[in-house]
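A.B. asks: Below is a structure I'd like to ask you about.
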Amino acid sequence: MMQMTRILCGMLFAALMTACGGGGGSPGATTGTGGTPTTPATATPTVVVTIVDASNAAITGISVGGTYTAKATVTDNAGLAVANRLVTFELSNASLATLSPSTALTDASGVARVVVTPASVTALGAGTLSAKATVNGESVTGRMDFAVSSTNLALSPITLGSTSLASGGNTSMSVTALINGSATATPINITFAASCGRINGSGASVSTTTNGSGVATAVYTAVNADGTLCSGPVTLTASTAGTTAQTASVTVAAAVANAITFVSATPAQIFVAGSGALEQSLVKFKALVGSTALPNVSVTFSIQVNPGGVGLNGAGSAASVTTTTDSLGEASVTVFSGTIPGPVKVRAALVSDPSVFAETQNLSVSSGPPSQRFMSLSVSTFNIEGWNRDGTPTTLTVRLADRQGNPVENGTVVNFTSEGGQVASSCSTLKVNGISSCSVDFMSQNFRPADGRVSVLAYASGTKDYVDVNGNNRYDAGTDTLVQVGDAYRDDDEDGAFDTGEFLIPRGGASSCTGAGWPFPSRSNTCDSNLATTVRQQAVILFSSSTPDVRILSPGISTAGFDFTVGSFEHPKLPMPSGTTVAVEVADKTEGNAPLSCALDKLIGTTVGNISPTNNPAESLVTLHQVTLKGCATGDLFTIKVTSPAGLTTNYTDVFP
Ligand SMILES: [Ca+2]
Ligand SMILES: [Ca+2]
Ligand SMILES: [Ca+2]
Ligand SMILES: [Ca+2]
């Protein structure tokens, strides 16, 4: 027995050079120091560590892809193998390698085994493997140093389901991770990327992990995240850290448009040539494949309905126009009006298939634009009960005609702005019994200007008036004479001139000209030589009070009668609201002078009507009332009763002097 152990130790010594027997200072074995041997010690307890490969050859380096076993051989102080002894393995650096498991019992030959594996494909360096066991009551540790060498990781060429795709098509793609030329079960992170389009329905680049067979797969789609289509060659890439990326190319067929849609006509209404108003409209169409806009598609525009003289990309040019769609898939053409009004229809057809087309909607050439001379703004009630009450309505109506006094086209937009209260922003004209007009609501609310006079402005695109010197019923620059008007503005303070802060519609003109206040405000020195202008009219709405300001006029109260005025309490120059009622009652308090009995003979002015202001903000708009009396004497009483439209009654009572 003793002999066999010695032979075994001798074999180990041959393999490891440093493992066996009492050769003090050997790095391969450490001798415990505690405890007292119970049998005569002829050797030192040892734990000898080795790493072997799949063919059981001892090695000092491991790498990904190999199979390695860590072995610890335990002998006691008699030099005999120790069976069934717990051995605990440890690594100096967990990022380098892993142990599975980390503990084992020795077998009959005194050997414990665990598996040691590189921690990852990128692990690189050297570390120490130690194994510890308790022998003869002592803790004995054996150690060996080992290296983790770089992994020979590579990617196979990319495998594609198809290398030739239809527009918007897709294909599977896969790559195999190889270690030392063989597929590895070790999970490897693979990044797939495409020069156009998406991977796995998400982005142009996605990361995934190889499966147990070393294969990573993804689906490539030749459509970008924004819906645009790829065409031509697309490069697909598979890569992982530390290896050369693999690329492959697919060819995506160009998309063919299969639809075209009308986008817009800006504006939809243009005016006959020579009218001086807008005579061109930009119409846009979009070419599509499915629902995706398609650039670089040839489109032909043609006029399908022409009231007379309408042109494409030039006045009077009725020939078809071919162009290509831009990066948004849009193609456009400019429509020029002719001399005859009426609806216009422009068709856009695919050159590749003229049976695929779309047409403009609601595009028309109108006879005459609104003329400044033929604009009229009216107000249903000027003096509304608006100073103390919100929501008191009035209606603003604009009537528009061209320079011949004929109605403007339906849909002509009139805009409104207001100094105070609230006004609807616009209305579109409609011909009723051949007359063109439209109306908006105005209501009292804040803001309330201090003097209760609220300016509102109505305006529309139109033309200046002109003198048709050569009598051809169209404007000829240089021959005909313009009736100049500058920029439209809203004269809030009614001083007859534009002031900073007042609403303005600038047109860029800088020629000198006289300005004006309302009803047709025009900013001075903003004129130009164009016929086009902003047609405009201003009105002033009065925010009347619910409470009256009653004043007896000279020569004063007499028992025969008297005159008085009724204004608004807070603004004594403003009238009471339209619809206010005024009454006078008397009471006979002089019974001693019978048969005289004080009675009202007549009151002139029992209601306050609709009172239209002028453009003089200093004017007094109070109402005049006249009372005549019968049989009244000093000491009798009279009462003036003023009731607002909302029902607030205020009494003014006095005794006859
Ligand atoms: Ca003319
Ligand atoms: Ca002003
Ligand atoms: Ca004002
Ligand atoms: Ca009396």
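The values are calculated or read from the model by the stated rules, or taken from the named source; none is laboratory data. A quick note: this is a predicted structure, and the numbers were derived from the prediction, not measured. All Cβ positions, glycine included, derive from the backbone under ideal geometry; neighbour counts span all protein chains shown. All accessible areas refer to the heavy atoms of the entire protein, side chains included, with ligands and DNA or RNA removed. Shrake-Rupley method; radii C 1.70, N 1.55, O 1.52, S 1.80 Å.
A.B. asks: Go through the range 454-485 and give me each residue that's more than 13 Å from ligand 1 (Cβ to nearest atom), surrounded by fewer than 21 Cβ atoms within 10 Å (Cβ to Cβ) and aliphatic (A, V, I, L, M).
C.D. replies: The answer is VAL483, and nothing else.
A.B. asks: Give THR628, THR649, THR565 a once-over and let me know the one that is open to solvent by 50 Å² or more (accessible area, probe 1.4 Å) and either within 16 Å of ligand 3 (Cβ to nearest atom) or under 60 Å from the mean Cα position of the chain (by Cα) (or both).
C.D. replies: Only one candidate passes the filter, namely THR649.
A.B. asks: Next up: Which one is farthest from the chain's Cα centre (by Cα), of the residues in the range 290-349 that are over 25 Å from GLU409 (Cα atoms) and charged (D, E, K, R)?
C.D. replies: Result: ASP326.
A.B. asks: For the subset of the range 102-117 comprising residues that are touching a strand residue (DSSP E or B) at 6+ places or on another chain (Cβ under 7 Å) and part of a loop (DSSP other than H, G, I, E, B), which member is surrounded by the most Cβ atoms within 10 Å (Cβ to Cβ)?
C.D. replies: If we take residues in the range 102-117 being touching a strand residue (DSSP E or B) at 6+ places or on another chain (Cβ under 7 Å) and part of a loop (DSSP other than H, G, I, E, B), then GLY110 is surrounded by the most Cβ atoms within 10 Å (Cβ to Cβ).
A.B. asks: What's the total number of residues in the range 190-227 that are assigned to a strand (DSSP E or B), open to solvent by less than 60 Å² (accessible area, probe 1.4 Å) and among the aliphatic types (A, V, I, L, M)?
C.D. replies: 9
A.B. asks: Does at least one position in the range 421-434 carry a residue that is in contact (Cβ under 8 Å) with a residue 40 or more places away in the chain and within 24 Å of SER544 (Cβ to Cβ)?
C.D. replies: Taking every residue of the range 421-434 in turn, at least one turns out to be in contact (Cβ under 8 Å) with a residue 40 or more places away in the chain and within 24 Å of SER544 (Cβ to Cβ).
A.B. asks: Under 21 Å from ILE59 (Cα atoms) and over 47 Å from the mean Cα position of the chain (by Cα): is that true of GLY110 in this structure?
C.D. replies: The answer is yes for GLY110.
A.B. asks: Assuming ALA248 fulfils every condition listed in (1) over 30 Å from ASP528 (Cα atoms); (2) within 30 Å of the chain's Cα centre (by Cα) apart from one, which condition is it?
C.D. replies: Looking at each condition in turn, ALA248 falls short on (2).
A.B. asks: Now, a different point. Please verify whether the range 531-544 includes one or more residues that are within 16 Å of ligand 1 (Cβ to nearest atom) and either within 25 Å of ALA401 (Cβ to Cβ) or in a strand (DSSP E or B) (or both).
C.D. replies: Taking every residue of the range 531-544 in turn, at least one turns out to be within 16 Å of ligand 1 (Cβ to nearest atom) and either within 25 Å of ALA401 (Cβ to Cβ) or in a strand (DSSP E or B) (or both).
A.B. asks: Suppose we filter ASN615, ASN610 for residues that are farther than 20 Å from TRP387 by Cβ and either within 59 Å of the chain's Cα centre (by Cα) or open to solvent by 20 Å² or more (accessible area, probe 1.4 Å) (or both); which single one remains?
C.D. replies: Values: ASN610 fails: farther than 20 Å from TRP387 by Cβ.
Just a single option satisfies the conditions, and that option is ASN615.
A.B. asks: Follow-up question, since we're still on this one. If a residue has to be open to solvent by 20 Å² or more (accessible area, probe 1.4 Å), part of a strand (DSSP E or B) and either of a type outside the set (A, V, I, L, M, F, W, C) or within 12 Å of ligand 3 (Cβ to nearest atom) (or both) to count, how many in the range 486-521 make the cut?
C.D. replies: The total comes to 1.
A.B. asks: Might you check whether a residue that is modelled with pLDDT under 90, open to solvent by less than 40 Å² (accessible area, probe 1.4 Å) and not in a strand (DSSP E or B) occurs anywhere in the range 325-332?
C.D. replies: no
A.B. asks: Across the range 229-257, which residue is farthest from VAL289 (Cα to Cα) among those that are outside any strand (DSSP E or B) and open to solvent by less than 60 Å² (accessible area, probe 1.4 Å)?
C.D. replies: In this case the residue turns out to be THR243.
A.B. asks: Select, from GLU570, GLU585, the only residue that is assigned to a strand (DSSP E or B) and surrounded by fewer than 22 Cβ atoms within 10 Å (Cβ to Cβ).
C.D. replies: GLU585 is the lone residue from the list that is assigned to a strand (DSSP E or B) and surrounded by fewer than 22 Cβ atoms within 10 Å (Cβ to Cβ).
A.B. asks: Please go through the range 434-475 and give me each residue that is within 16 Å of ligand 3 (Cβ to nearest atom) and not aliphatic (A, V, I, L, M), ordered by number.
C.D. replies: Within the range 434-475, PHE442, SER444, GLN445, ASN446, PHE447, ARG448, PRO449, ASP451, GLY452, ARG453, SER455 meet the criteria.
A.B. asks: Can you tell me which residues in the range 288-320 are surrounded by 15 or more Cβ atoms within 10 Å (Cβ to Cβ) and out of contact with any Gly (no Cβ under 9 Å at 6 or more places or on another chain)?
C.D. replies: SER298, VAL299, THR300, PHE301, SER302, LEU312, ASN313
A.B. asks: Continuing with this model, one more query. Out of everything in the range 170-200 that is farther than 14 Å from ALA154 by Cβ and at pLDDT below 90, what residue ends up being nearest to the chain's Cα centre (by Cα)?
C.D. replies: ASN189
A.B. asks: While we're here: If GLN445 meets every condition in (1) assigned to a loop (DSSP other than H, G, I, E, B); (2) open to solvent by less than 20 Å² (accessible area, probe 1.4 Å) apart from one, which number is that one?
C.D. replies: Of the numbered conditions (1) assigned to a loop (DSSP other than H, G, I, E, B); (2) open to solvent by less than 20 Å² (accessible area, probe 1.4 Å), the odd one out for GLN445 is (2).
A.B. asks: Scanning for something among the acidic types (Asp, Glu), open to solvent by less than 60 Å² (accessible area, probe 1.4 Å) and assigned to a strand (DSSP E or B), does the range 631-645 turn up at least one residue?
C.D. replies: no
A.B. asks: Consider ASP451 against the criteria (1) free of Cβ contacts under 8 Å to residues at least 40 places away in the same chain; (2) part of a loop (DSSP other than H, G, I, E, B); (3) open to solvent by 50 Å² or more (accessible area, probe 1.4 Å): it satisfies all of them except one. Which criterion is unmet?
C.D. replies: Evaluating ASP451 over (1) free of Cβ contacts under 8 Å to residues at least 40 places away in the same chain; (2) part of a loop (DSSP other than H, G, I, E, B); (3) open to solvent by 50 Å² or more (accessible area, probe 1.4 Å) leaves (1) as the failure.
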